[in-house]
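To start, the structure itself, in structure tokens.
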Amino acid sequence: MKSNLQQSAFSVEDLQKSVNGQVITPGDAVYDESRAVFFSWVTKHPGAIVKAANAEDVKRVVDFARDHELELAVRGGGHSIAGHSLSEGGIVLDMFGMQGLVIDVSSRTAWAEAGLTAGKYTEATGAHGLATGFGDTGSVGIGGLTLGGGVGYLARKYGLTIDSLLAAEIVTADGKLLSASEENYPDIFWAIRGGGGNFGVVTRFKFRLHPVSDMVGGMLFLPASAETISGFMAAAEEAPYELSAIANVMPAPPMPFLPPEIVGKTIIFAMLVYAGSGEAGEKAIAPFKKLATPLGDMTGPKKYPEIYAGPEGPHPVAGSALTMFVDKIDKTDAQLILDRLNNNDAPIRVTQLRVLGGAMARVPVMATAFAHRSSKIMVNVATLYENLADAGRHEGWTKETAAALQQSDKGAYVNFLGNEGEARIRAAYPGFTWQRLTEIKRKYDPDNLFHLNQNIPPSK
Ligand SMILES: Cc1cc2nc3c(=O)[nH]c(=O)nc-3n(C[C@H](O)[C@H](O)[C@H](O)COP(=O)(O)OP(=O)(O)OC[C@H]3O[C@@H](n4cnc5c(N)ncnc54)[C@H](O)[C@@H]3O)c2cc1C
């Protein structure tokens, strides 16, 4: 397959004529801002960016890319760590213009176009006291996040994002728009619940909404020691399923509500979310506050959409990250995390810990293409830094830290994978899951048109 629009016999005018949305090409005033994505180290130069206006546009772009043998990237929120939402020289199908949302309060369902972000969706459904669980960051696209699984603050109470997915409309490699659900096209519906963008372009999702109006929680800052880290993990495991906790063990960043003398010291920067209100919520977060005198405490009663309020972290120039699952973080593991963090000088370095379980673990492992239902704790080791000359050092640190923390669970979460090679993609999709995904890929995308993702090749 050719990847470069410039080398193609077909002009950009042909492409513009075939769609309703805008087509942006190199030289256009908005070209550079249109190819900017969350991670600023992803700097590909697409031949054309098509801002799809509707599902018809999506079909036409898929047909155009396939017929003219052009590389096709699909962009949702643009947060792919591996840079999969851009193509070098090919076409980017940008879903950002498709943000329609139809909320049916009586049936507690919502049809959401794939260009929405988690933040926008949650704000709109929050107005009705309803929510679908996405991740920890509002600017992440519902497209990529849902297709990979979706691990967020409601995972223990209501499951992964895909566990609330009732149907999806998807344009497959032959340009057909399928309406997939448990009843219709159950094979592709199984595959897109965890298998990423390998099977087509989802134009809209139908989600179940849950009655989540209020929450108790927010940011909590604790001193980091082997005792507080392991205590935090024990408290998160014992907490009711309404509560999800993320612990970022990291040097304290400068923040207005942290005492200046703390900045640079290793702390637990935690986010606690109890999906519910009142005394039960206060009771659920109390054990975390008792682990040590908090360095900062922003917890309290809130409206659920406030999980996405406030400024997000920096858009880093360079970074390295590895994702994995572990069974436990005891005092020895916690001390290892601290020792490793103290052994690096990247401006931002973090070991992020999330206790899983609850509703996401009750779904049978074969029910969807997300294969890590029984994993206990998700860990992300990451560095962010400014000086590219330090890349080798920080990547080495990340690898060594992840290797030191590795336990018996050898899985990986696809949505946090970078460009790490086939073995790591296989770790996301072990055994039967891989086999079935490759077979479904052969049926719906035998020529691997949709390959800018954590790629699942068609079975032979
Ligand atoms: C700051 C940050 C925080 C995060 N937090 C969480 C978290 O808490 N929980 C979690 O589960 N994940 C989290 N993630 C990971 C996130 O889910 C993935 O990066 C996800 O792929 C991003 O989706 P996107 O649409 O924003 O990205 P994009 O880069 O636009 O897309 C990612 C992949 O999905 C494909 N894709 C996107 N939309 C469609 C579509 N409509 N049809 C077909 N394919 C599509 C793209 O082609 C690409 O391969 C986080 C990532 C970041 C950067």
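See the values below:
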quantity: Breaking point among (1) modelled with pLDDT of 95 or more; (2) open to solvent by 80 Å² or more (accessible area, probe 1.4 Å), for Ala389; calculated: (1)
quantity: Selection status of Gly135, open to solvent by less than 20 Å² (accessible area, probe 1.4 Å), in a loop (DSSP other than H, G, I, E, B) and not polar (S, T, N, Q); calculated: yes
quantity: Members of the range 68-88 found to be near the ligand (Cβ under 8 Å from one of its atoms), small (Gly, Ala, Ser) and closer than 19 Å to Thr25 by Cβ, listed by number; calculated: Ala73, Gly78, Ser85
quantity: Single residue of the range 186-242 satisfying the filter (open to solvent by 10 Å² or more (accessible area, probe 1.4 Å), under 20 Å from Ala286 (Cβ atoms) and part of a strand (DSSP E or B)) that is nearest to the ligand (Cβ to nearest atom); calculated: Met219
quantity: Selection count, the range 287-301, where residues are open to solvent by less than 50 Å² (accessible area, probe 1.4 Å), assigned to a strand (DSSP E or B) and either within 11 Å of Leu272 (Cβ to Cβ) or in contact with a His (Cβ under 9 Å, 6 or more places away or on another chain) (or both); calculated: 1
quantity: Single residue of Phe96, Phe64 found to be open to solvent by 10 Å² or more (accessible area, probe 1.4 Å) and within 12 Å of the ligand (Cβ to nearest atom); calculated: Phe96
quantity: The listed residue being part of a loop (DSSP other than H, G, I, E, B), touching a residue at least 40 places away in the same chain (Cβ under 8 Å), open to solvent by 10 Å² or more (accessible area, probe 1.4 Å) and within 22 Å of Gly175 (Cβ to Cβ), out of Glu88, Glu69; calculated: Glu69
quantity: Whichever residue in the range 303-345 is assigned to a loop (DSSP other than H, G, I, E, B) and within 14 Å of the ligand (Cβ to nearest atom) and, among such residues, is farthest from Ala389 (Cα to Cα); calculated: Gly310
quantity: Unique match (being within 12 Å of the ligand (Cβ to nearest atom) and more than 16 Å from the chain's Cα centre (by Cα)) among Val151, Val171; calculated: Val171
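The values are calculated or read from the model by the stated rules, or taken from the named source; none is laboratory data. Note that the structure is predicted; figures quoted are calculated from it, not measured. Quick reminder, even Gly has a Cβ in these numbers, built from the backbone with ideal geometry, and neighbours come from all protein chains shown. Accessible surface is based on the protein model in full, side chains and every heavy atom, while ligands, DNA and RNA are left aside. Shrake-Rupley method; radii C 1.70, N 1.55, O 1.52, S 1.80 Å.
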